[in-house]
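Engineer: Handing you a structure now.
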Amino acid sequence: MYTQSTSQKEAASFILNVLPCLKDKNEAWKALQGILNSKETNLVGNILCSFGPAFKDLPDKNEAWKELHSLTLSRDIWVKETAAFEIGPAFAHIPEEFKEQAMKDLFRLARNSHLEVQESVAMSLGIAFPHLPDKKKAWDILVRMALEDDCDAGHAAAVSFKDAFPYVSDKIDAWEALLYIINCESLFSAYQTTFSLFSFYFYYPDKLGGYNDLIELLTHNNRNIRDASTISIGYVFQYLPDKVLAQKEFINLLRDEKFDFKGSLIISFGNSFSHLPDKNYVWEMLHQYVASYDESIRKGVAFSIGDACPDLPFPEKAQNDLLILAQDENDSVRMGVAHSLGFLYPCVDGDNLIIDCLKILAQDNDGCVRNRANYSLGKIFIYRASKTQNEELLADLLEKAVNCFEKASIEKCYFNPAIFCHFFYRSFNEVILKKKISREEIEKYIVNAKSVAKDSKNKKRLIRVIENLSDVLFSVQEPHKLGIESKLELVNYCRTQCDHAEKLMDKTKRTAPNLNELFHKIKPSFEQNIKELIGEVKEKAETACRKAKGTAAQKAICEINRDVQELTIGSQEYMKKQVQTLYTNLKSSVPDKEKYHLIHQEIDSILNEDDLVNQYSSLNMLLPTIIQINVVEATASVSEEMILLREIVDNKKIDEVLYDLYSPMGVEQKLKVAIPIIPLLASYELETNPPKLVADSISELKKLVMKGKKQ
């Protein structure tokens, strides 16, 4: 049943999600406070679930912290648990004078008898750890939680070790504490702690001693510990002090009949392949395992080939091995093949055998195999699009890639990278290559991509580029934003976004080389569009200036025109100077009257904005209003004359005419409306001084009006 509390919950969640975009954050905060002070614990708990991430955007952080602090004292366990969890993401933005109190709240809640509250505290301590004043006590609390025989709280503490360890002062002591937890085999936290230990080997000062500890964990008595260690060792191989010795030890483990995680170790070889001292030897060994009777080993080979790209010494042989394994009866082996073929394709000059094999696997009975096959096909089409010089073929390949990512995204798999790729490349395709796009569709893709991106900085940057570019295109498509001001803003906005996107792509060369290359292929089209828009801007600005001659609006419009004629694509520093020039002209073009006080404030706020894109967005919002003010001021006397004419013309009809005359339509359209009603004003243009003949006619009309009044 839909209740008022449901409506409030949805409203509050919406406010928290869109808070960064709201101009009036104070009103939003007041609304949230009202709900947070509600006695409905279910409602408060639901709202708190989004409070931490939104904390940085709240206008009054002092009051916001006091609200959050008071909720940690709630008698309701769910509210207390949620408040404890939200302190973590909020902690970095809590005012300095309250950080000590926030930390003490976490320490106090860590002693709470309810395990759900302890679990929330453990997660928050990990997130907040870099900013905690007393890191030693926080670390000791995490260790204590991991040592307690509780599954959820112990697991949460073990996960938080990864975030905390880089900031612990005594890393030797911390390392020993984690080894102790791991060796307490009965603890639920031991398995996750093993992953954490491997993940921060990079920060451990005693590399040789740490290496010996990791090797021992590979042969630990506990099967779960061996599993976690074998999976993790490939990711830390590059930091090991003696890689030749390490490679020999791993090979010996593969040959040991008693070692039971050969498949995982082979996958680790793939993850560390680029750092192996003898790649040829390892490759020949992997090649021999293709015919192994152990399906876990065949699975390891199938996955490791892709992970070893592009460093494989014999990619053609690897392709043949994968084509053989593609017919394996085991689902996991075929999934590994589908995974690796996507990586191998660029290494074998785009062999069509790979595409044909993936198309077959895309029809597999197993959903995860279909997922990896379609995902790899999508990556291949992106790669081919990045290499082609044919724009039509590029568009076709990009569309095929999006369709493949979409097919892959609907499969239910534990790990599904195709979901983000589908939303991102669909929006990329629509915004960059399509002439007509739907705001609703693009916003849907962007929202979904954000939900999948989570804490990935690279993904968030990619989404931001799409958001900015789509905003530009929407401003062009929507009729009420057309005109000189929109074109002016659009030119600079596009230029700025291209600069931002280019810097972003340079940062993702290693992680997304094909997307990087694809972007640089499409960029010239953006440049050409911008040049064409500049031509349109100059032409329209010149026309507006010419029409404004002899009117009160001439000075403001023609000064803007002069600035526009100087407009070129340049650096952000240069474009900021253009903003300064436009600011000066706009400021002087608005009369210093009380009714325009807010407009002056809006103009002043432009210079207080650091972000160039936001400056141009503000200009885009203000320019139509400012030009309208100039027109209104210039035609004020004419407006008075039109009011007088209402006394001798049918009231209903003249109301409609006046409404149309004061609307934003063009001069010709206004005259077409006016001619049937007022013949003597048929040649009158509102935005210019009337010719003598028209002025005389208006004078005669006024005399008639006055004569009518006397009678």
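The values are calculated or read from the model by the stated rules, or taken from the named source; none is laboratory data. Because the structure is a prediction, the values reported are computed rather than measured. All Cβ positions, even for glycine, are placed from backbone atoms using ideal geometry, and neighbour counts span all protein chains on display. Ligands, DNA and RNA are stripped out before the accessible areas are found, and what is left, the full protein with its side chains, is counted by its heavy atoms. Shrake-Rupley method; radii C 1.70, N 1.55, O 1.52, S 1.80 Å.
Engineer: Residue 93 accessible area, nearest 10 Å², 1.4 Å probe?
Structural biologist: 70
Engineer: For 558, 151, 368, write out the residues from largest to smallest accessible area, computed with a 1.4 angstrom probe and no ligands counted.
Structural biologist: Descending accessible area places them as 151, 368, 558.
Engineer: Additional query: Considering only DSSP states other than H, G, I, E and B, which chymotrypsin sites (Phe, Trp or Tyr not before Pro) in the stretch 287-372 qualify as loop sites with at most 10 other Cβ atoms within 10 Å?
Structural biologist: Answer by residue number: 293.
Engineer: Over the stretch 341-421, what relative contact order in percent results from Cα pairs under 8 Å that are six or more residues apart? Mind dumping the intermediate values first?
Structural biologist: On the way: 97 pairs, mean separation 22.4, N = 81.
Result for the stretch 341-421 is 28 percent.
Engineer: Which Cα, out of 147, 189, 175, lies furthest along the positive dipole direction of the stretch 68-201 (beta carbon charges, K/R +1, D/E -1)?
Structural biologist: 175
Engineer: Skip the ligands, DNA and RNA, and give the accessible area per residue of the stretch 54-122 with a 1.4 Å probe, whole Å².
Structural biologist: On the way: 2910 Å² over 69 residues.
Using a 1.4 Å probe on heavy atoms only, each residue of the stretch 54-122 averages 42 Å².
Engineer: Compute the Rg/Rh shape ratio of the stretch 351-413: radius of gyration over Kirkwood radius, all on alpha-carbon atoms. Please list the in-between numbers first.
Structural biologist: Values: Rg = 11.9 Å, Rh = 11.8 Å.
Result for the stretch 351-413 is an Rg/Rh of 1.01.
Engineer: Does the stretch 58-141 come out rounded, prolate or oblate, given a ≥ b ≥ c as the square roots of the eigenvalues of its C-alpha gyration tensor, rounded meaning a/c under 1.5 and, failing that, prolate meaning a/b above b/c? The partial results should precede the final answer.
Structural biologist: Values: a/c = 1.89, a/b = 1.10, b/c = 1.71.
It is oblate, given that a/c is not under 1.5 and a/b is not larger than b/c.
Engineer: Considering only protein heavy atoms, what per residue accessible area in square angstrom results for the stretch 232-359 with a 1.4 angstrom probe? Intermediate values should be presented prior to the final figure.
Structural biologist: Numbers: 5710 Å² over 128 residues.
That works out to 45 Å² for each residue.
Engineer: Further question on the same structure: Can you work out D for the stretch 312-389 in µm² s⁻¹ from Stokes-Einstein, where Rh is the Kirkwood radius over C-alpha pairs, the temperature is 20 °C and the viscosity is 1.002 mPa s? Don't skip to the answer; put the middle values down first.
Structural biologist: Numbers: Rh = 12.3 Å.
Rounded to a whole number, D works out at 174 µm²/s.
Engineer: Accessible area, 1.4 Å probe, largest first: how do 584, 543 sort? Could you put the intermediate results ahead of the total?
Structural biologist: Values: 584 70, 543 45 Å².
Listed by decreasing accessible area, they come as 584, 543.
Engineer: Provide the packing ranking of 78-89, 54-65, i.e. peptides ordered by the mean count of other C-beta atoms within 10 Å per residue, highest first.
Structural biologist: Working: 78-89: 23.9, 54-65: 18.2.
Output ranking for 78-89, 54-65: 78-89, 54-65.
Engineer: Tell me, in nm to one decimal, what length is gained between residue 76 and residue 104 on full extension, where the rule is 0.36 nm per residue of separation less the Cα-Cα distance?
Structural biologist: Going from the current span to full extension adds 8.1 nm.
Engineer: For 414, 180, 204, what's the largest-to-smallest order of accessible area, 1.4 Å probe?
Structural biologist: Numbers: 414 230, 180 135, 204 10 Å².
Solvent-accessible surface, decreasing: 414, 180, 204.
Engineer: For residue 123, what accessible area in Å² do you get when you roll a 1.4 Å probe over the heavy atoms of the protein chains, rounding to the nearest 10?
Structural biologist: For residue 123, the solvent-accessible surface is approximately 60 Å².
Engineer: In addition: Can you pull the one-decimal nm distance between simple spin-label points at residue 363 and residue 203, each 7 Å off the Cα toward Cβ?
Structural biologist: 5.1
Engineer: Another question about this same structure. Using a 1.4 Å probe over the heavy atoms of the protein chains, calculate the carbon and sulfur portion of the accessible area of the stretch 264-333 as a whole percent.
Structural biologist: 47
Engineer: Please report the projected area of the stretch 250-365's Cα convex hull averaged over all directions, in nm². Could the numbers behind the result be given before it?
Structural biologist: Working: hull surface 26.3 nm².
Computed as one quarter of the Cα hull surface, the answer is 6.6 nm².
Engineer: For a 19 Å ceiling on Cα separation, which of these pairs sit above it: 137/171; 162/279; 547/595; 162/243? The partial results should precede the final answer.
Structural biologist: On the way: 137/171 14 Å; 162/279 31 Å; 547/595 27 Å; 162/243 24 Å.
In this structure, 162/279; 547/595; 162/243 exceed 19 Å between Cα atoms.
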